[in-house]
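The values are calculated or read from the model by the stated rules, or taken from the named source; none is laboratory data. Please read all numbers here as calculations on a predicted model, not as lab measurements. Cβ atoms come from the backbone with ideal geometry, glycine included; neighbour counts cover every protein chain shown.
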Amino acid sequence: MTKNIVITGGSSGIGKGIAFYFYNKGWNVLTTGRDVQKLEEIKNEMPQMNTIVYDSMQDGSETAIVDFIKINWNGRLDVLVNNAGHVELGELHGITQKSMENMYKAHLISPSVLSSACLPFLSETQGQILNISSSHGIKPYAQTTAYGSAKAALNMITKIWALELAPQGIRVNAIAPGPTETPILKKAGFDEKNIQAIHENESSSIPLKRRGQVDDIVAKAVLLLNSGSEWTTGVILPVDGGLSIS
């Protein structure tokens, strides 16, 4: 039977890479994003790709995904990939309640609410949840009070869910990418000069001396989601060129 997969934040970067891989493997794919134009571009490239506008910062946005699964897939879901994210960097003296709320909403609350809503579907298929975390959730970095702590919390709930859901046969894992070639910094409002400086600094600090490519992360998503990993759950897999151990 053809499998069904939902990928949030799938209009660009890592999420788009995962969506395209499984689409090309013949899976039924629903990818979500906030940018309507980018979702339309995906439909032009992959006409059979399902897309929905989903904003992880908005309450109740999971309803459209749940309704799609019920109506179009008869309530069947094999894999949920929580990839949607948002970045705000800054030192402690600049932290506000809003900046903390934004990070925890995007990286902790919304994935939790969506995953909870999808449990009835995943329990029927003994499906999987894959959370896209970050090396920032493993290793501390300056100016990441909100982002780093939110990703660390995501790593912990990955393990909690793995324990809770194992009796239902649902596996839960996470990938923790290091600095990767995606548009995330541009989306966060950094100009080209600052982005270039950040990229150079990151590359020099990575033991393997290069930033990651989307395909590096997609390969590990495939590893965790394929049939050869059926005895793997509760794993936080760093994919960062050795950064988290440096």
Q: State which residue pairs qualify: first residue free of Cβ contacts under 8 Å to residues at least 40 places away in the same chain and inside segment 232-246, second residue surrounded by fewer than 14 Cβ atoms within 10 Å (Cβ to Cβ) in any location, beta carbons under 9 Å apart, and separation of 6 or more residues or different chains.
A: Gly242/Pro207; Gly242/Leu208; Ile245/Pro207
**Q.** Total residues in segment 137-155, condition over 14 Å from the mean Cα position of the chain (by Cα), of a type outside the set (A, V, I, L, M, F, W, C) and farther than 19 Å from Thr96 by Cα
**A.** 2
Q.
Please count how many residues of segment 202-242 are modelled with pLDDT under 95, in contact with an Asp or Glu (Cβ under 8 Å, 6 or more places away or on another chain) and aliphatic (A, V, I, L, M).
A. 1
Q: Could you figure out which of (1) touching a residue at least 40 places away in the same chain (Cβ under 8 Å); (2) in contact with a Ser or Thr (Cβ under 6 Å, 6 or more places away or on another chain); (3) surrounded by 22 or more Cβ atoms within 10 Å (Cβ to Cβ) isn't true of Thr31?
A: (1)
Q: Take segment 132-172 and flag every residue that is surrounded by fewer than 22 Cβ atoms within 10 Å (Cβ to Cβ) and charged (D, E, K, R).
A: Lys139, Lys159, Glu164
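Looking at Ile69, Ile5, Ile14, Ile18, which one is more than 21 Å from Lys220 (Cβ to Cβ) and either touching a Phe, Trp or Tyr at 6+ places or on another chain (Cβ under 6 Å) or assigned to a helix (DSSP H, G or I) (or both)? I'd like the intermediate steps shown before the answer.
On the way: Ile5 fails: more than 21 Å from Lys220 (Cβ to Cβ); Ile14 fails: more than 21 Å from Lys220 (Cβ to Cβ); Ile18 fails: more than 21 Å from Lys220 (Cβ to Cβ).
None of the other options fit; the residue is Ile69.
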(Q) For segment 113-126, give me each residue that is of a type in the set (Ser, Thr, Tyr) and surrounded by fewer than 18 Cβ atoms within 10 Å (Cβ to Cβ). (A) Ser116, Ser123, Thr125
Q | Restricting segment 220-246 to residues that are of a type outside the set (Ser, Thr, Tyr) and part of a loop (DSSP other than H, G, I, E, B), the residue that is nearest to Leu80 (Cα to Cα) | A | Asn226
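Mind checking which residues of segment 203-219 are surrounded by fewer than 18 Cβ atoms within 10 Å (Cβ to Cβ), in contact (Cβ under 8 Å) with a residue 24 or more places away in the chain and part of a helix (DSSP H, G or I)? Full working, then the answer.
At the first step, the residues of segment 203-219 found to be surrounded by fewer than 18 Cβ atoms within 10 Å (Cβ to Cβ) are 203-205, 207-210, 213, 215, 219.
Subset that is in contact (Cβ under 8 Å) with a residue 24 or more places away in the chain: 203, 205, 207-210, 213, 215.
Result: Ser203, Ser205, Asp215.
Condition first: in a loop (DSSP other than H, G, I, E, B), surrounded by fewer than 17 Cβ atoms within 10 Å (Cβ to Cβ), on the phi < 0 side of the Ramachandran plot and touching a residue at least 12 places away in the same chain (Cβ under 8 Å). Now tell me which residues in segment 74-100 satisfy that.
If we filter segment 74-100 for residues that are in a loop (DSSP other than H, G, I, E, B), which is where we start, we get 74-78, 83-89, 91, 95-96.
Of the ones still in play, those that are also surrounded by fewer than 17 Cβ atoms within 10 Å (Cβ to Cβ) are 74-75, 91, 95-96.
Going one step further and asking which of them are on the phi < 0 side of the Ramachandran plot, we end up with 91, 95-96.
Correct list: Glu91, Ile95.
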